[in-house]
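K.L.:
After the structure tokens below, expect a handful of questions from me.
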Amino acid sequence: MKNILLTTLITVGCTSAFAQSKPNKIDDYYRIITIPIPENIKMEIGGMQVLPDGRLATSTRRGEVWMIGNPYLKGDGKPSFHRFASGLHEPLGLYYRGKDFLVSQRGEVTRLEDTDHDGVADVYDSFSRWPLSGNYHQYSYGPVAMPNGEMLVTLNLDWVGRGASQSKWRGWMLKLGQDGKLTPWATGLRSPSGFGSYKGDIFYTENQGDWVGSGRMTHLEKGDFAGNPAGLRWSKEEGSPVKLTPEDVPSTGEPLYDVAKKVPGLKPPAVWFPHTLVGISTSDFKEDITNGAFGPFAGQMFVGDQGHSIITRVDLEKVNGVWQGTVFPFREGFMSGILRLEWGLDGSMFVGQTSRGWAATGKEEFGIQRLVWTGKMPFEMKTVRSMPDGFEITFTSPVDKKAAAEQDAYKMNSFTYRYHRTYGSPIINTEEVPLKGIIVSEDGLRVRLVVDPAALRKGYIHEIKAEGVKSTDGNNLLHSTGYYTLNEIAGGQPASASQFTTTAKAAAVDHSAHMAAASGSATAETASNTAASAKRVTEMPASWTNGPDQVVTIGTVPGLKFDISEIQVKAGSKIKVVFNNNDDMLHNLVITKPGAANAVGEAGLNLGLKGTELNYVPKTNDVLFHTNIVEPEKSEAIYFIAPKQAGTYQFVCTFPGHYSLMQGKLKVVK
Ligand SMILES: [Cu+2]
């Protein structure tokens, strides 16, 4: 029964990046196994650690620590559950030190020990403390240990309609000494739930929000500033390695990469996760240290996504000393929101999940699942490497060389986001990157995509689609899109035309026109985004001399909900709808024909790169009226004449991932 449910969710939650035309199913390669949890345990995973004896230790958002025996479901297939500790304040991290555990509570790291060996902690020691404001958004994460034994913690910003640092070191990553001493390391963090080591370097993942155009992963060196200025409030405090002050950070709406050239210490991310195209809220990540037990991606990274209930794959390379690389879709269809990833002793992956208050595509409130490689080789893009004149893709198995040499097999675009104090960002400055030539390697494992070097843009995300590539046995790629964040362009020898397997026919794109639009910056785009249309009238029509006949107010509440499920209006009457976004996520309000809400939501999801520009409102007759995307704590009013035909019309939010939950009825009566 569970499988049927999951299949349904995949259809609802998947983005266009997961679309595939041949029945080559991910389940054949990576299988999800659900660990059954007794009904009386609210296993909302906050922290997770695999113990050397095979047990799985978890901390829950309800304040408990559990020891799970037989999490691999061997023998009788039944896990055991034993409560080790309770009464903690939302512990979102757990670290096992051999004889004791460290867990984060909101206001401290606590040491738990079972000194009388009865299986229950009897020592709860305050190991390290920091002040609290009481704001609901003061999540505290960690400790996470680096390979050299150093421990890290991160402190989430407060939310007061924007990110704020109301008590010391909020918005920071700190090193935690074995004596409990905290040493500030870097700031600019907003919602840093995922952090730790990749090849010994420190990385953290960030969620879209104010000053954060889209999800991202940043390499944090000592003294770095990752982008949200709230934490800079403490940069003058003793021990701070950061010199910037909040006044040093301009909100111009230029790309972060460009602003970083003028603001020393501002660190562009290694990888952007384009919002809704590959997830909406990055969480934990783990380097693949399984030496092949988890498949062909050893040395790469897997990253959880809370809101879309997916795991993505990140392949990094260092070019000119700077980390950068590609994010690929990897596995969708988990049961709840993914917060924690942990390698099992057998090279499988435990996936710890929770969605209370943080809506997710996976509809369960919480869960633990295990992702297991079946041993079958998935046909995927394995890596993408920067080249002086484009990119080289390697594949997990040889490609059909004829199909791979077709110009139409590929499509490349580049785009970026605005860096500004506003919540999120539309996709800006999109350009097609025309191919000049294709070089398919003799062994069929590598394809080089050659472009005009002038078409590569530093700091931009390069979307690489390889939909036409097939394996030697005729399979499509399981996932045909990768998003490469190009901070640096690799040196080396450009390809000469004589090496081309295929020389591209002249592209139909007017490159110069696109460049002009891009350098003209954000203004043109803003104008088209805010322009009123017949379906979105934002000023009361002059002919409504007595005002509207009816004013309707619709709000949002956290958890992907509208605050009202049904509205009644009179056919043909003058209506003003005020849409208040009270939530801390982006939403819109779209009024559709009867029965059309799901189709409109699906069409919004499939807009891909065009989505943000169109406010996720698809161009279809099923859409009668709509608002634009409304930021948190903002509102928008629209005016329209109610349909003359009575019936049950619908309203829906078409922001990707929302439409299946955010729906209501608009009853039009005579
Ligand atoms: Cu929404």
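K.L.:
Which residues, taken from the stretch 100-159, are in a strand (DSSP E or B) and charged (D, E, K, R)?
P.N.:
108, 111, 113, 125, 129, 158
K.L.:
I'm checking my understanding of the structure. Among residues of the stretch 571-589 that are among the polar types (S, T, N, Q), more than 11 Å from the ligand (Cβ to nearest atom) and more than 18 Å from residue 647 (Cα to Cα), which one is modelled with the lowest pLDDT?
P.N.:
Here the answer is 582.
K.L.:
Right, something else. Within the stretch 632-648, can one find any residue that is at pLDDT below 95, closer than 27 Å to residue 306 by Cβ and under 22 Å from the mean Cα position of the chain (by Cα)?
P.N.:
The answer is yes; a qualifying residue exists.
K.L.:
Okay, moving on. Of all residues being more than 16 Å from the ligand (Cβ to nearest atom), not in a loop (DSSP other than H, G, I, E, B) and not hydrophobic (A, V, I, L, M, F, W, C) in the stretch 537-563, which is least open to solvent (accessible area, probe 1.4 Å)? Just the residue, please.
P.N.:
550
K.L.:
Against the definition (more than 14 Å from the ligand (Cβ to nearest atom), in contact with a strand residue (DSSP E or B) (Cβ under 7 Å, 6 or more places away or on another chain) and open to solvent by 60 Å² or more (accessible area, probe 1.4 Å)), how does residue 566 come out, yes or no?
P.N.:
Against the criterion (more than 14 Å from the ligand (Cβ to nearest atom), in contact with a strand residue (DSSP E or B) (Cβ under 7 Å, 6 or more places away or on another chain) and open to solvent by 60 Å² or more (accessible area, probe 1.4 Å)), residue 566 qualifies.
K.L.:
Residues of the stretch 253-277 being in contact with a strand residue (DSSP E or B) (Cβ under 7 Å, 6 or more places away or on another chain), farther than 28 Å from residue 47 by Cβ and open to solvent by 30 Å² or more (accessible area, probe 1.4 Å), which ones?
P.N.:
265
K.L.:
Across the stretch 398-433, what is the total count of residues that are farther than 27 Å from residue 190 by Cβ, open to solvent by 30 Å² or more (accessible area, probe 1.4 Å) and not in a strand (DSSP E or B)?
P.N.:
7
K.L.:
Give me the pairs, please: first residue somewhere in the stretch 459-475 and in the same structural domain as residue 329 (by TED's automatic domain parsing), second residue anywhere and of a type in the set (Ser, Thr, Tyr) and assigned to a loop (DSSP other than H, G, I, E, B), beta-carbon distance under 8 Å, and either six or more positions apart or on two chains.
P.N.:
Listed pairs, sorted by first residue: none to list.
K.L.:
Can I ask one more? Any residue in the stretch 272-297 that is at pLDDT 95 or above sitting within a Cβ distance under 6 Å of a residue that is basic (Lys, Arg) and buried (at least 22 other Cβ atoms within 10 Å of the Cβ)? List the pairs, counting only those 6 or more apart or interchain.
P.N.:
272/216; 284/340
K.L.:
So which residues in the stretch 278-307 are within 20 Å of residue 611 (Cβ to Cβ) and open to solvent by less than 10 Å² (accessible area, probe 1.4 Å), if there are any at all?
P.N.:
278, 279, 282, 305, 307
K.L.:
Quickly run through the stretch 626-649 and pick out the residues that are under 25 Å from residue 355 (Cβ atoms) and away from the ligand (no atom under 14 Å from the Cβ).
P.N.:
Selection gives 633 alone.
K.L.:
Among the residues of the stretch 637-655, how many are open to solvent by 30 Å² or more (accessible area, probe 1.4 Å) and either free of Cβ contacts under 8 Å to residues at least 24 places away in the same chain or not hydroxyl-bearing (Ser, Thr, Tyr) (or both)?
P.N.:
5
K.L.:
Name the single residue, out of those in the stretch 590-625 being open to solvent by 20 Å² or more (accessible area, probe 1.4 Å) and closer than 17 Å to residue 639 by Cβ, that is farthest from the ligand (Cβ to nearest atom).
P.N.:
Looking at residues that are open to solvent by 20 Å² or more (accessible area, probe 1.4 Å) and closer than 17 Å to residue 639 by Cβ, I get 624.
The values are calculated or read from the model by the stated rules, or taken from the named source; none is laboratory data. Fair warning: this is a prediction, and the values are worked out from it, not measured in the lab. Using ideal geometry, Cβ is built from the backbone for each residue, glycine included, and neighbour counts are taken over all protein chains shown. Just so you know, the surface numbers come from the protein's heavy atoms only, side chains and all, with ligands and any DNA or RNA stripped out. Shrake-Rupley method; radii C 1.70, N 1.55, O 1.52, S 1.80 Å.
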